[in-house]
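Participant: To start, I am sharing the structure in question, which I have written as structure tokens.
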Amino acid sequence: MINPALRLWGAPLVLGLLTASGLLSALVSDTWGDMWSWFALGIPVVVMVVFALRRPALARRDRDSSNDSRNSRCET
């Protein structure tokens with residue numbers, strides 16, 4: 001069983017560490033640091049885009065299922 005605190009805060013901590021390491025490497029290093037900073041700063045952006053695009057689909061699914069349940073109650 002996974003610790004509840006780790007389950008809740010694991011992903012935000014990983015994204016925060018990626019962001020911090022990307023910012024630090026962009027400031028103090030060249031070549032490989034530039035590549036790492038692009039990667040480390042891009043991953044949180046990709047995660048946000050994925051969840052932003054998923055949210056309208058989830059809201060639409062919830063709205064449709066609530067309408068179906070209301071319609072079935074009205075018919076009886």
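The values are calculated or read from the model by the stated rules, or taken from the named source; none is laboratory data. Because the structure is a prediction, the values reported are computed rather than measured. Every residue, glycine among them, receives a Cβ derived from its backbone with ideal geometry; neighbour counts consider all protein chains shown.
Participant: If you check every pair at least six apart or on different chains, which have Cβ atoms under 7 Å apart with a residue in segment 1-30 that is free of Cβ contacts under 8 Å to residues at least 12 places away in the same chain and surrounded by 10 or more Cβ atoms within 10 Å (Cβ to Cβ) first and a residue that is part of a helix (DSSP H, G or I) and of a type outside the set (S, T, Y) second?
Facilitator: Correct list of pairs: empty, since none qualify.
Participant: Of the conditions (1) outside any helix (DSSP H, G or I); (2) at pLDDT 90 or above, I2 satisfies every one except a single condition; which number is it?
Facilitator: Every listed condition holds for I2 apart from (2).
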